[in-house]
Structure formats: structure tokens, C-alpha cells
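Novice: Would you mind keeping the following structure in view while I ask a few things?
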Amino acid sequence: MAALGRTARLLLRSSLTQAQRQLSATAHGGHSGLAAKWRMLSFLIALPGVGVCMLNMYLKQQQHHTHERPEFVPYAHLRIRTKPFPWGDGKKTLFHNPHLNALPDGYEGDE
């Protein structure tokens, strides 16, 4: 019985050391070809793709540069202010755009 236990331990130990050797060899440089392939794909496909998308959005923005301000309609359920905002005069939101965002009583500058 003791001989069987020793043999099992010896086999288990040898299989573990082989697995550790294979893992360390793979981590050391076994996938260098795969890494180079992904690096080339990133430079040749991904970066030009991002550049084309940026150019597309820039050209679309130049084409639609002027934005018309929507007509102000005083709906009761929009722009409800139960208490003032803690900054500025209390009427404007934190990211207020006077050209596009209306206050409760209308756009700024419209009389």
C-alpha cells in the first residue's frame, strides 16, 4: 500500500513540474508571433478606422454647423423648479447653454 502511495506522489509531482515548465515557456515567449500579429492589426486597421470615424464626424459637424433654436413652448411639466439650484442665480442648470436650454419663463435674451 505504501508503495502505491509513493508511486502516485511521484507521478503527480512529475506531471505538475511538466505543466509548470510548459506554462513558464509559454509566458516567456511562446506567443510572440501572436502578439506581433495583434500589434500589426491594431496599427494597420484599428487606428486608421478611428481616424476615418473622426474625419466623418468632423465633416458632418461642418455640414450642420448652424443649429436652429427650438421654439419655446411653456409646458407645465417641463422645467419645474421646486427649489433653486445651489449655484449662480438658481435658475440655470449646471451645464446651461443659453442658446439651446430654456429657462422656466423662456430663452435668455428673448423679450
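Novice: Within region 13-42, how many residues are at pLDDT 70 or above, surrounded by 10 or more Cβ atoms within 10 Å (Cβ to Cβ) and of a type in the set (A, V, I, L, M, F, W, C)?
Specialist: Total meeting the criteria: 5.
Novice: Within region 48-85, count every residue that is of a type in the set (Ser, Thr, Tyr), surrounded by fewer than 10 Cβ atoms within 10 Å (Cβ to Cβ) and more than 30 Å from residue 105 (Cα to Cα).
Specialist: Of the residues in that region, 0 qualify.
The values are calculated or read from the model by the stated rules, or taken from the named source; none is laboratory data. Given the structure is predicted, the values throughout are model-derived calculations rather than measurements. Cβ atoms come from the backbone with ideal geometry, glycine included; neighbour counts cover every protein chain shown.
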